[in-house]
Structures are given as structure tokens and as C-alpha cells.
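One structure is given below, encoded as C-alpha cells.
The values are calculated or read from the model by the stated rules, or taken from the named source; none is laboratory data. As the structure is a prediction and not an experimental result, all values here were calculated from the model. Cβ sites come from the backbone with ideal geometry, for glycine too, and all protein chains shown count toward neighbours.
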Amino acid sequence: MPEKTISYDPDWQQKYDEMIATAEEALAVVQPGQRVFVGTGCAQPEALVHALVARSNQLRDTEIVHLLTIGQAPYAEKELVSHFSVNSFFIANNVRDIIQEGMGDYTPIFLSDIPRLFSSGRLPLDVALIQVTPPDERGLCSFGVSVDIVKSATENARVVIAQVNPQMPRTLGDSMIHIYDMDYLVPVDMPVIEVPPPEPSPTTREIGEYVAALVEDGATIELGIGEIPQAVLEFLKGKKDLGIHTEMFTDAIIDMIEHGVITGERKTLDRNKIVASFCFGTRRLYDYIDNNPVFSFNPTEYVNDPFVIAQQNKMVAINVALEVDLTGQVCADSLGQRFYSGIGGQLDFNRGAARSQGGKAIIAMPSTARGGTVSRIVCHLSPGAGVVTTRGDVHYVVTEYGVAYLHGKSVQERALALMSIAHPKFRERLLRQAIEAKYVRADLADFSNKIVVGPKDIRTTFLLDDGTLLSVRAVHPTDEPRVRELFYSLSQESLYTRFMSRMKWVPRKQMQEFVYIDHRTEVSIVATIPESDGEDIVAMGGYYLDPRTNRAEVAFVVRDDFQNRHIGGFLLKHLTRLALRNGIAGFTAEVLDVNKSMQSVFQNCGLKVRSRLRQGVYSYDLDFE
């Protein structure tokens with residue numbers, strides 16, 4: 001990368017000499033009992049913080065207010081609790097212990113609402129400690145890597161003390177403050193705090209792959225705090241014209257821009273701009289965003305405004321959770337009664353994305369915690385756990401075992417969907433608890449080992465002659481209502497040829513046997529078309545293995561208005577590939593002699609076919625070799 005020219009006035013210290021002070025001189029203005037704001041994230045003004053703590057013996061009952069700080073928090077030591085009390089809007093590692101021990105405070109609040117706390121006077125600030133770039137020729141300094149709530153805090157504090165650092169990247173957007181809007185300037189020349197991107201675990205990568213599959217070309221995405229949202233980027237490399245409107249991002253974004261995945265071409269607002277309020281990263285990222293017009297840093301009252309977010313078409317919000325109960329309540333800020341992180345921007349973006357045209361609100365998490373000893377999907381939230389996203393707000397929940405869509409679903413459908421993406425060793429217990437809680441019917445107890453999501457590599461597509469694209473996937477436990485609709489849409493002739501008997505309805509138990517399968521000895525796939533309320537199942541096929549013969553009985557059903565369009569033949573070929581992969585020797589099938597179309601499917605399947613007619617029924621043997 002070529003060496004950059006400086007973007008600030010090299011003579012700024014001479015021009016504003018009367019405002020310059022050492023950290024010790026500037027911090028002398030702080031008085032006992034005052035409320036002091038500390039800048040966010042990697043922009044935490046460490047020199048000012050250490051100078052403040054050095055005066056601890058003179059500063060009793062001083063309240064420290066901040067969002068999320070990454071550097072050291074020397075004011076959060078037990079021996080200083082009579083001097084400094086911590087009040088955090090989001091709990092980071094550096095203050096977690098003191099807050100969980102009851103010696104500090106946590107204020108739960110939406111990120112979009114914090115600026116109004118300051119501007120309304122409900123939380124007045126006496127002093128703001130911030131970090132900025134040196135001023136340019138017009139006297140404008142940039143807040144650098146953290147604009148978020150820092151801009152509002154600066155505008156509303158009685159005294160503003162700025163750590164002025166030439167190593168802070170000059171970010172563009174609504175990210176500037178004039179030199180005369182600050183009271184003390186403390187020159188430093190020190191590295192900005194760096195946060196190297198974590199190496200995704202295998203579990204995190206699996207979650208990232210599932211989430212990425214939900215992101216369409218032209219979507220605008222938000223990446224919440226945590227390893228999972230950043231891991232999603234790895235799996236977006238095949239996407240086109242993605243946009244970014246997010247509260248934060250990391251180094252991972254650079255490769256996506258340089259690969260042409262992120263262009264912002266289709267954004268509704270801020271087209272061609274990457275909009276954020278802060279970032280965590282390394283020097284590589286800081287150099288990349290420095291004076292880069294592609295990036296637009298803005299305060300949270302804009303970035304996190306649900307009404308702004310909702311205006312982006314195909315807005316996808318990706319956030320994380322600590323625990324989700326079977327009704328869909330999401331806990332993201334506490335472990336039981338112990339506060340752990342914060343509300344942050346989760347609900348801001350969740351609600352905004354949910355109201356976006358074509359938007360998706362996604363909650364992602366590993367299925368287990370504590371080394372796999374506890375399930376994060378639970379029947380009831382832990383005692384004291386706080387609900388960040390309500391059961392009415394939740395849409396998608398993703399673990400390494402798949403995707404559950406909950407919005408508009410009944411409690412039973414939600415419970416079954418979430419059980420299917422829980423860790424397998426906890427599913428039976430969850431089903432038992434759900435039955436006891438009356439969330440699901442007692443007759444589902446027989447299927448405790450079959451509430452699973454099918455392998456994702458079963459997915460494929462089939463294009464019909466008229467241009468209709470069918471999506472083919474494994475059947476899901478929550479498909480029971482759609483499968484029921486499929487069967488009740490069939491004509492009496494189709495029911496007769498499928499079940500070889502005259503029937504006006506399909507027993508519930510038989511319907512459940514189509515849906516609740518183990519995806520090992522039984523495989524069931526559905527072909528769907530999108531509808532405004534989700535998707536309609538237009539065809540279904542599957543096989544059941546007889547382990548004594550290593551052959552599987554195969555069968556299909558296709559909705560009447562989709563028959564004679566080669567769907568049965570395609571499903572047979574797809575099931576053949578799956579069976580071959582599972583080491584199965586061949587298929588068997590029973591077909592009525594009047595069912596000429598299905599006979600044609602088997603006779604023309606390209607396999608070695610043997611058949612015999614007996615009492616009006618053809619028995620087929622299909623060999624894979």
C-alpha cells in the first residue's frame with residue numbers, strides 16, 4: 001500500500017496552543033461526584049483514563065459511564081469502588097467481574113436510545129473523555145473508529161477532554177467535531193487499540209455457512225458483535241452486490257470489498273457506502289478506512305434507527321444470543337441473573353430488518369455452551385435471564401444444526417423447529433419437557449429420535465419447462481401442516497394411486513411418519529415453490545431402508561396441477577444419488593397397473609429395472625450397479 005499523505009494540519013498544535021494540556025492538567029478539572037463518559041471500543045482514550053485513575057484519591061463517588069470499552073479499565077478495581085462506580089450500557093470483559101459482583105451497574109437500553117438519554121438531560125454528563133484525530137485545515141477532527149454514542153456524549157457534556165492522536169484513522173461521514181467544540185486537547189502519539197479477528201471454530205463456520213445461505217444477492221447486511229457474524233463473511237464470496245449497514249465491522253470486511261462482493265450498488269439508502277458506527281480491528285483495517293470515502297461512520301441515532309434500517313430493501317440483520325427458549329424468547333445479555341453483555345443493537349436491527357422489503361432478522365448461536373455440557377436451546381429460560389428479543393420479534397434462529405423459522409408459527413411449531421436444531425443429545429429431553437409444558441402434543445413422544453433437520457447437502461433445484469424453479473430439500477418437522485395441505489389437495493385418483501386404497505383423509509399418525517424421520521434409514525424430500533406466506537410443497541418423495549436386504553422402498557406423490565412435468569423422474573434421480581452415497585444396493589417399489597405415469601418413471605430411470613405384475617400391482621426392483 002502506498003504511503004499516505006497526512007490528512008491533518010501539521011501546524012495544529014501551534015494554532016491551538018491555548019487549548020493544549022497534558023493529561024494530568026486536563027483531568028484536574030474532574031471533581032468528586034461527577035459523571036464522566038469514556039469513549040467507546042478501540043477508541044478508548046487510554047492516556048486520559050490512566051490520568052483519571054491516578055487522581056482516584058481525590059475523586060470519591062465519580063461515576064464512569066460508557067458503552068463498550070476494549071482497553072484496560074483500571075477504574076473497575078474492587079479497591080477503587082468508593083472512588084469510581086461503573087455504569088455500562090454494554091458489558092465487556094474489562095468490567096464484567098465488578099458488575100457481576102454487584103459493585104458496578106449495567107443500564108439495559110437499545111443502542112439507538114442512548115443518545116436521547118444524554119440530549120434529554122435524563123443522564124447528564126459532566127465530562128466526556130474521547131479520542132480524535134488532529135484537526136484539518138478547517139479545524140475539524142474525526143472521531144475515528146468510534147462515532148456511535150461518542151458524538152452525542154461530546155455534544156452534551158459540560159466539559160470535553162480529547163486525546164488527539166495522529167495514529168487514529170480519519171473516518172468520514174457524520175463523524176466530525178470542530179476543534180472549538182472541545183475544551184482540552186491532549187496530544188499523544190500512540191497505537192490505537194487493536195483487536196485481531198478471531199479464528200472461527202468449526203462450529204462457528206458451520207453456523208456462518210447456514211446464515212450465509214439466507215443472504216440473497218443485493219442484500220444489505222448488519223453484522224452484530226461476536227465471532228459468528230464475522231464468520232458469515234467467509235461464506236458470502238459467491239454473492240453479488242451486497243451492501244453494509246451495520247453498527248460495527250472488523251478486518252474481515254476488507255477481503256469482501258476487494259473480491260467485489262460488497263459494492264452497495266443496490267442499497268436503498270447510502271448507495272455505494274459502507275455505513276457503520278464503530279469498528280474493531282488491526283492496523284490493516286485502520287489504514288484501509290483512513291480517509292476512505294467508501295466508509296461512512298455515523299452515530300447510533302442514525303445507524304441503529306429501526307425506521308432507517310427498514311428502508312433498506314433485503315436488509316439482513318445477523319445477531320447472536322446466549323439462550324433461546326422453545327417459545328422463541330431470546331436472551332442475549334445475561335447468563336441467568338448474571339449480566340454478561342448488553343442489549344446493544346440487536347432489537348434495533350431485528351425490528352428494522354423484519355420490516356424491510358425482503359428483509360431477514362437472524363439470531364445465531366452455537367447449540368451448546370460450557371464445553372457441550374448445557375444446551376443453549378431450553379424449554380424455559382434460566383431463572384433471571386432477560387428477554388432481549390421477544391417471541392413476537394424473533395424470525396430466524398440458526399445453530400450449527402440448521403435453521404429454524406419461527407415468525408408467525410404456533411408454539412408447537414416453534415418448539416419442534418428449535419428442537420430440530422438443538423444438539424442431538426438434548427433433543428429427547430427437550431421434547432419431554434415440551435410435552436410436560438403442554439407446548440407440543442403428547443403423541444409426538446414416539447418421534448423423540450426423529451426431530452432433526454436433514455443434511456444441507458440434500459438441497460437442489462429443478463427448473464420446469466415454464467420457468468418455474470422448484471427448491472428441493474429434506475423434509476422438516478415443521479412441514480407437517482404443509483404436507484397435510486399437499487395430501488388434502490390431491491384428487492381421489494391421486495390418493496388411490498399413491499396409497500392403493502380409496503381414502504378421504506390421511507391419518508395424523510401416517511402424516512407424522514412422513515415428516516418425522518431419522519434421515520438415515522429413512523429419507524424424505526420435498527419440492528417447494530415460494531409463496532407470500534412461505535412456501536408450498538408441490539411434491540414429496542422418499543425411501544425407507546430394509547436393513548435385511550440393503551434395499552429401500554421408494555415412493556412419490558406430486559400435486560395434481562404439477563403432474564406430468566417430469567418432477568417424479570427428477571426426485572427419483574436425486575434420491576438415487578442420496579441412496580448411493582449411503583451404500584444402499586437399490587430400490588423397490590409397488591405401483592398399481594393403472595398408474596402408467598409412475599411406471600414410465602421407473603422404466604426410464606436409467607437403472608437396471610426388473611418388474612413383475614401380480615393382482616393388478618407391479619413390483620419393481622431397481623439395481624444401482
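Yes or no, residue by residue, for (1) farther than 30 Å from I6 by Cα; (2) crowded, with 20+ Cβ neighbours inside 10 Å:
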{"position": "N292", "(1), (2)": "no, no"}
{"position": "F295", "(1), (2)": "no, yes"}
{"position": "P299", "(1), (2)": "no, yes"}
{"position": "V316", "(1), (2)": "yes, yes"}
Scanning segment 103-149 residue by residue, those part of a loop (DSSP other than H, G, I, E, B), of a type in the set (D, E, K, R) and surrounded by fewer than 22 Cβ atoms within 10 Å (Cβ to Cβ) turn out to be R122, D126, D136, E137, R138
Of the residues in segment 579-593, those that are within 36 Å of the chain's Cα centre (by Cα) and either crowded, with 21+ Cβ neighbours inside 10 Å or without any contact (Cβ under 8 Å) to a residue 12 or more places away in the chain (or both) come to A579, R581
Scanning segment 106-144 for residues that are closer than 25 Å to F349 by Cα and charged (D, E, K, R), the one farthest from the chain's Cα centre (by Cα) turns out to be R122
Across (1) modelled with pLDDT under 95; (2) of a type in the set (G, A, S); (3) buried (at least 24 other Cβ atoms within 10 Å of the Cβ), A364 clears everything bar (1)
* Consider A422 carefully, then state whether it is under 19 Å from T478 (Cβ atoms), part of a loop (DSSP other than H, G, I, E, B) and within 17 Å of the chain's Cα centre (by Cα). => yes
When L416 is run through (1) more than 25 Å from the chain's Cα centre (by Cα); (2) modelled with pLDDT under 95; (3) outside the structural domain of S524 (by TED's automatic domain parsing), the failure sits at (1)
Requested in this report: Please work out if N313 is in the same structural domain as R414 (by TED's automatic domain parsing), touching a residue at least 60 places away in the same chain (Cβ under 8 Å), part of a loop (DSSP other than H, G, I, E, B) and within 30 Å of S119 (Cα to Cα).
Outcome: no
Within segment 322-352, of all residues that are outside any loop (DSSP other than H, G, I, E, B) and either touching a His at 6+ places or on another chain (Cβ under 8 Å) or of a type in the set (S, T, Y) (or both), the one surrounded by the most Cβ atoms within 10 Å (Cβ to Cβ) is N350
Subset of segment 485-521, residues under 18 Å from M598 (Cβ atoms), at pLDDT 75 or above and surrounded by 13 or more Cβ atoms within 10 Å (Cβ to Cβ), comes to L486, F487, L490, S494, L495, Y496, T497, F514
Flagged in segment 166-177 as surrounded by 22 or more Cβ atoms within 10 Å (Cβ to Cβ) and either out of contact with any Ser or Thr (no Cβ under 7 Å at 6 or more places or on another chain) or of a type outside the set (K, R) (or both), in numbering order, are M168, P169, T171, G173, S175, M176, I177
